[in-house]
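Student: First, the structure itself, so that you have it in front of you.
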Amino acid sequence: MPSQLCFFVSIAFSLVMWGIASARYIWPELRVRQRAEALQPLLILHSFRFIGLAFMVPGVVSAELPTAFARSAGYGDLIAAGLALISLVSLRSGAGVFMTWVFNLWGTADLFNAFYQAGHGGLIPGQLGATYFLPTFIVPLLLITHVLAFRILLQPQREFSMRESRNPD
C-alpha cells in the first residue's frame, strides 16, 4: 500500500475510532455536567498542543518537511495551547466562555489550516518522521473534541443544569 494511502487510511480509522469512543464514553460524561465543568477536560487536553512544536525540530522530522507546514502547524498549535490554558484558567469567570469560543475557533481553524498546508506543500508522510502519530492519532481526537466543545458552548446553560438535577451522581 502506498505511503500516502496508509497515511489517509490511518487518519480515517482514527477519526472513526475516536468518534465511537467519544460517542460512547466521553460525551455521555460531559453532557450531564455544567458548562465550565464539561469544558475543563477538553481544555486540559488541548493545553498539550504545544507538542506540535515538534514539527520544527530537526531530527524529529525530515529536513525535507515543508517549512510552511512545519511553522504553521507548530506555532498554530502553540497558540492553541496558550488559548486553551487561558480559557481553562478563566473558565469560571464571564470571560472564560468568551475565551473558550476564541480558543475553539482558533484551534479548529489551525487544524484545518495544517491539513491545507500539508496538501498545498506536497507533504509526504515519511517527512513527518517521529511526528507521524500527531496527524494520524492525535489530530482526529482534537477535531472531535473541538466538535464536543462547540456542542457544549452552543447549549443553553440551564439545559446543563436541568440534566444535572435529573441525573445526580
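Student: So which of Met1, Met17 is assigned to a helix (DSSP H, G or I), open to solvent by 50 Å² or more (accessible area, probe 1.4 Å) and over 27 Å from Phe98 (Cα atoms)?
Tutor: Met17
Student: Phe8 fails exactly one of the following numbered conditions: (1) among the aromatic types (Phe, Trp, Tyr); (2) within 18 Å of Ala84 (Cβ to Cβ); (3) at pLDDT below 95. What is the number of that condition?
Tutor: Answer for Phe8: the failing condition is (2).
Student: Can you tell me how many residues within segment 38-68 are part of a helix (DSSP H, G or I) and modelled with pLDDT of 95 or more?
Tutor: 19
Student: Please enumerate the residues belonging to segment 126-143 that are surrounded by fewer than 21 Cβ atoms within 10 Å (Cβ to Cβ) and hydrophobic (A, V, I, L, M, F, W, C).
Tutor: Those that are surrounded by fewer than 21 Cβ atoms within 10 Å (Cβ to Cβ) and hydrophobic (A, V, I, L, M, F, W, C): Ala130, Phe133, Leu134, Phe137, Ile138, Leu141, Leu143.
Quick grid of which residues meet (1) surrounded by 19 or more Cβ atoms within 10 Å (Cβ to Cβ); (2) under 15 Å from the mean Cα position of the chain (by Cα); (3) hydrophobic (A, V, I, L, M, F, W, C):
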residue	(1), (2), (3)
Phe69	yes, no, yes
Ala73	yes, yes, yes
Ile79	no, yes, yes
Ala95	no, no, yes
Tyr116	no, no, no
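Student: Next question. Quick one: is Asn113 of a type outside the set (A, V, I, L, M, F, W, C) and touching a Gly at 6+ places or on another chain (Cβ under 7 Å)?
Tutor: Spelling it out, Asn113 is indeed of a type outside the set (A, V, I, L, M, F, W, C) and touching a Gly at 6+ places or on another chain (Cβ under 7 Å).
The values are calculated or read from the model by the stated rules, or taken from the named source; none is laboratory data. In this text the structure is predicted, and so the values were computed from the model without any measurement. When we count neighbours, we look across all protein chains shown, and the Cβ atoms used for this are built from the backbone with ideal geometry, even at glycine. Heads up: the accessible areas ignore ligands, DNA and RNA and are worked out on the full protein's heavy atoms, side chains in. Shrake-Rupley method; radii C 1.70, N 1.55, O 1.52, S 1.80 Å.
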